[in-house]
2 protein chains.
Amino acid sequence: MSEEFLKVARAAREAAAELAPLPRAPKDRALRAVADALEAHAAEIVEANAEDVERAREQGTSEAMIDRLRLDEGRIRSVADAVRQVADLPDPVGEVVRGSTLPNGLELRQLRVPLGVIGIIYEGRPNVTVDAAALCLKSGNAVLLRGSSSAYSSNTALVRVMQEALAATEVPAGAVQLVPGLTRESVKELMRARGLVDVLIPRGGASLINSVVEESTVPVIETGVGNCHVYVDAEADPRLALEILVNAKAQRPSVCNAAETFLVHADIAETFVPMALRALEEAGVTVHGDDRIARFGEVVPATEDDFRAEYLSLDIAAAVVDSLEDAVAHIRAYGSGHTDAIVTRSQGAARRFVSLVDSAAVAVNASTRFTDGGEFGFGAEIGISTQKLHARGPMGLPELTSTKWVYTGEGQLRTSEGTVIAGAGC
Amino acid sequence: MSEEFLKVARAAREAAAELAPLPRAPKDRALRAVADALEAHAAEIVEANAEDVERAREQGTSEAMIDRLRLDEGRIRSVADAVRQVADLPDPVGEVVRGSTLPNGLELRQLRVPLGVIGIIYEGRPNVTVDAAALCLKSGNAVLLRGSSSAYSSNTALVRVMQEALAATEVPAGAVQLVPGLTRESVKELMRARGLVDVLIPRGGASLINSVVEESTVPVIETGVGNCHVYVDAEADPRLALEILVNAKAQRPSVCNAAETFLVHADIAETFVPMALRALEEAGVTVHGDDRIARFGEVVPATEDDFRAEYLSLDIAAAVVDSLEDAVAHIRAYGSGHTDAIVTRSQGAARRFVSLVDSAAVAVNASTRFTDGGEFGFGAEIGISTQKLHARGPMGLPELTSTKWVYTGEGQLRTSEGTVIAGAGC
C-alpha cells in the first residue's frame with residue numbers, strides 16, 4: 001500500500017476513535033460549521049469546479065454529463081442546506097436497541113455505535129462528496145471518499161473547505177479524507193484496506209459495484225442496481241395498472257427505482273397490453289416485448305439481455321406470463337432484488353406476491369418510485385442496498401451504525417451450576 | 001465449479017425459495033420430526049461415527065480430540081433435545097421491525113425474512129452439523145454444511161437422517177445439504193458461490209476465519225476469535241477484581257469468551273498484582289507478564305505475540321498500564337473486538353471504558369464469560385460475531401434473517417410535486 005494512502009487511512013482511523021464517543025451536540029455544531037464554510041468559500045469551490053468542467057469539455061464529455069458535474073453558487077447553497085438538514089436529524093448513536101435485566105442480575109443493553117471508517121466509492125456529481133461526508137459524520141463515522149477522477153478538483157476543494165471548518169470544532173478534521181490519486185490503484189488500495197476501513201459502499205453503475213464486490217476484502221454494502229418490475233395481475237384494475245406502469249417507467253427514467261420490465265397476466269393481456277403500448281408510446285417509451293406482447297402491437301423484439309437490462313432510459317422490457325408464480329419466477333431469474341410491484345384487486349394475490357418475491361422492497365398498488373429514503377421518512381439516504389446482510393433497501397443514518405453489547409454487574413461469575421456473585425461466599 | 005457442488009448448491013437454493021414463505025408451525029413440526037429421527041436412527045449414526053473415531057485413532061489424534069468427535073446414544077439424545085429447544089423458540093421470520101403509514105397514505109412495513117442459503121464452515125464436533133441445521137431451518141434458511149473432514153462419516157449419516165425426516169414434512173428435504181468432498185477445493189467452491197449462497201459463517205480457529213474472509217466473494221460473518229481483556233482499574237475492589245479475573249481465565253479456558261490478557265492500573269498494581277499472581281498460580285495459570293508485572297513475582301516474560309495470542313489454555317498475558325486510556329489503547333491495538341471487561345467502583349471510569357472500547361461486548365464488574373447467546377437469553381446461538389456489519393456479538397435466530405420493505409397503496413404515483421393517486425383526476 002502506498003505511503004500516501006496509508007497516511008490518510010490512518011488519519012481517518014484515529015479521527016474515528018475520537019469521533020465515536022462524541023454526543024449529538026458537538027456533531028451538529030460541526031455540521032453547521034461545515035455548511036457555513038461551504039457557502040463562505042463558494043467562489044473558490046466554483047473556481048476548482050471550473051477546472052473539472054473545462055477538462056471534461058476538452059475530453060468531449062456530453063453536455064448532460066457536464067451539467068451533472070457543474071457547481072454554481074446556487075447549487076452550493078443547496079448542498080449546504082442538505083448538510084443543515086442532516087444536522088437536524090436525530091443521532092442514531094447511543095440508541096438502546098434492546099435491553100433487559102438478566103435473571104442473574106446483569107443489566108444488558110445493546111447500543112448503537114458508529115461503524116468506524118466508511119469508504120465511499122462513487123461516480124459523477126460532486127455534491128455526493130458533501131452529502132456522504134455529512135451522513136458519515138452525523139453517525140459518528142470517519143469517511144474515506146474516492147470520487148470520480150472527473151470531479152477531482154471539485155472534490156479536493158470541497159474536502160479542504162470541510163476539513164478547515166472541522167478544525168475549529170470538536171469533530172477532528174481528519175474524519176473527512178479524500179483518497180489521494182486518480183488511478184484505479186487508489187480504488188484497489190481502498191478495497192484491500194482491511195483493518196483500516198470497516199465497510200465500503202460503492203455507489204454507481206453495475207460494473208463498478210461488481211468489481212468492488214469481487215475484489216474487496218473489506219466488507220461491502222452493495223447499492224443501487226435496479227432492474228425493477230411491475231406485474232399486472234389478472235385481477236388488476238387496468239387503468240390503475242396503466243398509471244402505475246407509466247409513472248414507474250417514465251416519471252424519472254434515470255434512477256434505480258424506475259421500472260425496467262412489466263409482466264402481464266395472460267388473462268388480462270388482451271385488455272391491458274394494447275392500452276399499455278399506446279400509453280407508453282405517448283410517454284416516449286420504447287417497448288422491448290416478447291412474442292406474446294408483439295401480438296398486440298408493434299414492439300422491438302425482446303432478447304434475454306433486455307430482461308436483464310437496467311436501461312435507465314425510456315425503454316422497457318415486457319412479457320406475458322401465465323400465472324403469478326411465473327411472474328415471480330421471472331423476477332427471481334432476471335431481477336436485481338431492488339423493487340418489484342404488483343397491481344391487483346385480489347388480497348390473496350397481493351399476499352402471495354409479497355411473500356414470494358425476494359427483493360429489498362415490494363410495492364402493492366403503488367409505483368416502484370417510492371423506494372427511497374426521503375419517501376420512507378428517513379430524512380436522508382446514503383444509497384439503496386440490494387444485498388441481504390446488514391442493510392436492505394434505503395439506508396439512512398441507523399444503517400451507518402453497528403451495535404455494542406454492554407453488561408454491568410456487581411461481580412457476576414459464571415460457573416457450571418450458574419451465576420455466583422464474587423465475594424458473596426466470604 | 002464442480003457439477004457435484006453445483007448440484008447441492010442449486011438444490012439448496014430451490015429449497016430456500018420453498019422454505020422462506022413457510023410460517024412457524026410447519027417448520028416446528030419438521031424440527032420435531034428431525035429430533036425424533038435422530039433418536040430413532042441413533043445406532044446407525046453411532047456406527048458411522050465409529051469410522052471417524054477409528055480413522056482419527058489411526059492418525060494418532062489425541063484422546064481429548066477423539067472425545068470431542070465421539071457420538072454415543074446419550075450425546076445423540078442431547079443433540080435431539082437441542083433441536084426440540086430450537087423448535088420451542090419464537091420464529092423471527094415475519095416480525096415487523098418498523099412500520100408506519102406515510103403522509104401519502106402508503107402503508108410501509110419492514111419485515112424480517114430469511115437470508116436464503118447459509119453456508120457454514122466448521123471444525124470439530126459433529127453436533128454442530130445438527131445445531132446449525134436446526135437454527136437455519138427455524139429461521140427459514142437452507143443450509144450448506146461443510147464440516148471437518150475428520151467427521152465426514154458422522155456428518156454424512158446425520159445429514160442423511162435429517163433429510164429423510166424432512167422428506168415426510170412440509171419443509172423441503174433439500175434445505176439441508178452436506179457439501180460433497182473432503183478437500184480444500186470444496187471450501188473454495190463455497191467461497192466463490194456468489195449468487196447461490198447468501199452468506200458464509202466460518203466457525204473455528206483464526207486461520208480458517210482469516211482465509212475465508214480473504215478469499216470469499218460471498219458475504220462473510222466472522223465469528224469467534226476472542227482475545228478478551230480484563231482491565232483492573234485504579235478504583236477497583238481488588239478482591240472483586242481477583243475473582244472476576246480468575247473466573248474469566250480459568251473457569252473454561254478453551255472458549256472464545258475466556259480472558260487472555262489482564263491489564264492493571266499502576267496505582268493499584270502493588271496491591272493487586274501479588275494477589276493475582278498467587279491466585280492464578282493456584283488456579284494452574286501461567287502468567288506471561290511485562291517488566292512491570294515481573295517486579296511483583298515470577299512470570300514468563302511477555303512478548304508482543306503473547307499480547308496478540310488467543311491462548312485457549314491456562315495461560316494469560318499481563319501488563320501494567322498508567323491510565324484507563326492506556327488500557328483502552330492496548331485493547332484497541334491487540335484485542336480481537338470480542339469482549340473486554342473493566343473492574344472498577346468508579347461510575348466515571350466505567351462510563352469512559354464502555355464508551356472508548358470498540359468491541360462486540362463490554363463487561364463492567366462481571367466476568368467476560370457471559371458473552372454468550374444462552375446467557376443473553378437468546379435460547380440458541382450460531383456463533384459470536386466479531387465484525388461490525390449485520391451482527392455483532394452472540395448471534396441468535398434474528399441474526400440469521402434479513403428484512404424486506406413492503407408498501408401498500410391504492411394507486412400512489414410519485415410526481416415532482418409529491419404523491420398523486422391514480423384515477424383520482426379522472
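The values are calculated or read from the model by the stated rules, or taken from the named source; none is laboratory data. Since the model is a prediction, treat every value here as computed from it, not as a measurement. Methodologically, a virtual Cβ is constructed for each residue, glycine included, from the backbone with ideal geometry; neighbour enumeration extends over all protein chains shown. In case anyone asks, the SASA skips ligands and DNA or RNA and just uses the protein heavy atoms, side chains included. Shrake-Rupley method; radii C 1.70, N 1.55, O 1.52, S 1.80 Å.
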Whole-percent carbon and sulfur share, accessible surface of chain A, 1.4 Å:
49
Rg/Rh for region A:85-145: what does it come to with C-alpha atoms and Rh from Kirkwood?
1.19
Can you pull the percent of Cα pairs in chain B with separation above 27 Å?
59
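For chain A, what does the relative contact order come out to in percent, with C-alpha contacts under 8 Å and a separation of six or more?
Relative contact order of chain A: 17 percent.
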In a shell of Cβ-Cβ distance under 11 Å around A:A279, excluding A:A279 itself, what net charge do Lys and Arg (+1) and Asp and Glu (-1) give?
0
For B:V199, what residues show an amide H to amide H distance below 5 Å, using hydrogens built from the backbone and excluding near sequence neighbours?
B:V117, B:G119
At A:P23, label 7 Å along Cα→Cβ: distances to the other copies, nm, ascending?
4.7
Starting from the Cα of B:K27, draw a straight line to each of the lysines and keep only those under 18 Å, dropping any in the same chain fewer than 8 residues away.
B:K138
Note to self, the protein assembly as shown gives a 222 nm [θ] from helices alone (DSSP H runs n ≥ 4, -39500 (n - 2.57) apiece, / all residues, nearest 500) of -13000 deg cm²/dmol
Name the chain B residue with the Cβ nearest the axis that maps B onto A: which is it, and what is the distance in angstrom?
B:H390, 2
With one decimal in nm and the nearest listed first, the spacings from B:G423 to its own position in the other copies, using label points 7 Å along Cα-to-Cβ, are 7.1
Once whole DSSP H runs in chain B are found, which of them have Cα atoms spread over 18 Å or more along the helix axis and a mean Kyte-Doolittle score of at least -0.5?
B:3-19, B:24-40, B:73-88, B:152-167, B:266-282
Output the relative contact order of region A:95-231, whole-number percent, from Cα pairs under 8 angstrom with separation of 6+ residues.
22
Just to check I understand the Karplus step: with θ = phi - 60° and J = 6.51 cos²θ - 1.76 cosθ + 1.60, what whole-Hz values come out for region A:254-261, glycine and proline as x?
7, 9, 6, 9, 6, 6, 10, 8
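State the Kirkwood hydrodynamic radius of the protein assembly as shown in Å, one decimal place, computed from all pairs of distinct Cα atoms.
Result for the protein assembly as shown, one decimal place: 29.0 Å.
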Considering amide H positions built from the backbone, and no H for Pro or chain starts, which residues 5 or more places from A:G393, or on another chain, come under 5 Å of its amide H?
A:S385, A:T386, A:Q387
Position B:R278, label points 7 Å along Cα→Cβ, spacing to each other copy in nm (shortest first, one decimal):
9.7
Please compute the average number of Cβ atoms from other chains found within 10 Å of each residue's Cβ in peptide B:386-396.
5
For the ranges A:267-279, A:215-227, what's the packing order if you count other beta-carbon atoms within 10 Å of each residue, average per peptide, and put the highest first?
A:215-227, A:267-279
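Order the peptides B:295-301, A:243-249, A:292-298, A:8-14 from the highest to the lowest mean number of other Cβ atoms within 10 Å of their residues.
With the highest mean Cβ count within 10 Å placed first, the list reads A:243-249, A:8-14, A:292-298, B:295-301.
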Shape call for region B:228-370, from the Cα gyration tensor axes a ≥ b ≥ c (a/c under 1.5 means rounded, otherwise prolate when a/b beats b/c, else oblate), comes out rounded
Probe 1.4 Å, heavy atoms of protein chains only: per residue, the accessible area of region B:229-293 in Å² is 35
Given a cut-off of 22 Å, name the pairs among B:K7/B:K404; B:K249/B:K388; B:K7/B:K188 whose C-alpha atoms lie farther apart than that in the structure shown.
B:K7/B:K404; B:K249/B:K388
Contact order normalised by length for region B:283-356, with contacts defined as Cα pairs under 8 Å and 6 or more residues apart; what percent is it?
28
Net charge near B:G297, counting Lys/Arg +1 and Asp/Glu -1 over other residues with Cβ under 10 Å of its Cβ?
0
Below 10 angstrom from the Cβ of B:F353, what's the summed charge of the other residues (Lys, Arg +1; Asp, Glu -1)?
-1
Residues whose placed amide H lies under 5 Å from that of A:A259, excluding near-sequence neighbours
A:K249
